[in-house]
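Enquirer: First, the structure itself, so that you have it in front of you.
The values are calculated or read from the model by the stated rules, or taken from the named source; none is laboratory data. Quick caveat, the model's predicted, so the values are computed rather than measured. Counting neighbours? That spans all protein chains shown, and the Cβs are built from the backbone with ideal geometry, glycine included.
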Amino acid sequence: MTTYQVSMTETELVQSCLKNDRIAQKNLYDKYRKAMYTLAYRITGDFEAANDVLQEGFVKVFRGLGTFRGESTLGAWIKTIVVRTAYSYLRKDKHFFEPVENVPPGSQVDWGHYLDAEYLEKAIRSLPEGYRTVFVLIEVEGYSHREVAGLLGISEGTSKSQLFYSKKRLRALLKNEV
């Protein structure tokens, strides 16, 4: 096993991981763990699900690391894997993208009367999975509708529709609580 150098480049880190250098693998995991957990949590809205997605996502990362071509940053490549893993996790037992007519109107949650980051996070977590996933990817992570469509295997129109209705739902939730 080689020793990990603090000043390793991304390419050197990947190469060390491919040689089964456990220290490099741990460093890769530690470098991206928090950001990927946060992303998984924002998509799933559940702490345990986010842990499952994180674990499954990094298994996929390490199994597929040999396919990383360096066409994007390593972080962007890992993020794509985590997003797809979270999406698959949500789709296992649920109808993911809800038709608009199936969304109950006027859903309200009593979270108090202060609009702060925690309150907003709770409002986002209360969105149906399809709405929440598209909202997080576009409004929080900065993806385009085209990128979201490619990541999730949906049309750009579906992505736009899910974002529109997620914002409408959030506005209603926030208006009713502030």
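Enquirer: From 62, 58, grab the single residue that is crowded, with 16+ Cβ neighbours inside 10 Å and farther than 18 Å from residue 129 by Cα. Full working, then the answer.
Expert: Values: 62 fails: crowded, with 16+ Cβ neighbours inside 10 Å.
Answer to the selection: 58.
Enquirer: Continuing with the same structure: Just a yes or no: is a residue in the range 23-34 loosely packed, with under 15 Cβ neighbours inside 10 Å, under 24 Å from residue 134 (Cα atoms), without any contact (Cβ under 8 Å) to a residue 60 or more places away in the chain and of a type outside the set (Lys, Arg)?
Expert: no
Enquirer: Can you pull out every residue in the range 69-80 that is surrounded by 18 or more Cβ atoms within 10 Å (Cβ to Cβ) and of a type in the set (Val, Ile, Thr)? Quick ask: steps written out before the conclusion?
Expert: So in the range 69-80, the residues surrounded by 18 or more Cβ atoms within 10 Å (Cβ to Cβ) come out as 74, 77-79.
Across the range 69-80, the qualifying residue is only 78.
Enquirer: Report, by residue number, each residue of the range 35-60 that is part of a helix (DSSP H, G or I) and touching a residue at least 40 places away in the same chain (Cβ under 8 Å). Don't jump to the end; show me each part of the working.
Expert: To start, the set of residues in the range 35-60 that are part of a helix (DSSP H, G or I) comprises 35-44, 47-60.
Of everything in the range 35-60, those that are part of a helix (DSSP H, G or I) and touching a residue at least 40 places away in the same chain (Cβ under 8 Å) turn out to be 35, 36, 39, 40, 42, 43, 44, 49.
Enquirer: Under 8 Å between Cβ atoms, at least 6 apart or on separate chains: pull out the pairs that start in the range 61-88 with a residue that is in the same structural domain as residue 153 (by TED's automatic domain parsing) and touching a residue at least 24 places away in the same chain (Cβ under 8 Å) and end on any residue that is surrounded by 12 or more Cβ atoms within 10 Å (Cβ to Cβ) and among the aliphatic types (A, V, I, L, M).
Expert: none
Enquirer: Is it the case that the range 37-48 has a residue that's surrounded by 18 or more Cβ atoms within 10 Å (Cβ to Cβ), among the polar types (S, T, N, Q) and not assigned by TED's automatic domain parsing to the domain that holds residue 151?
Expert: There is at least one residue in the range 37-48 that is surrounded by 18 or more Cβ atoms within 10 Å (Cβ to Cβ), among the polar types (S, T, N, Q) and not assigned by TED's automatic domain parsing to the domain that holds residue 151.
Enquirer: Among the residues of the range 50-65 satisfying the criterion of being touching a helix residue (DSSP H, G or I) at 6+ places or on another chain (Cβ under 6 Å) and small (Gly, Ala, Ser), which is farthest from residue 166 (Cα to Cα)?
Expert: 57
Enquirer: Of the residues in the range 146-164, how many are surrounded by fewer than 20 Cβ atoms within 10 Å (Cβ to Cβ) and in a helix (DSSP H, G or I)?
Expert: 12
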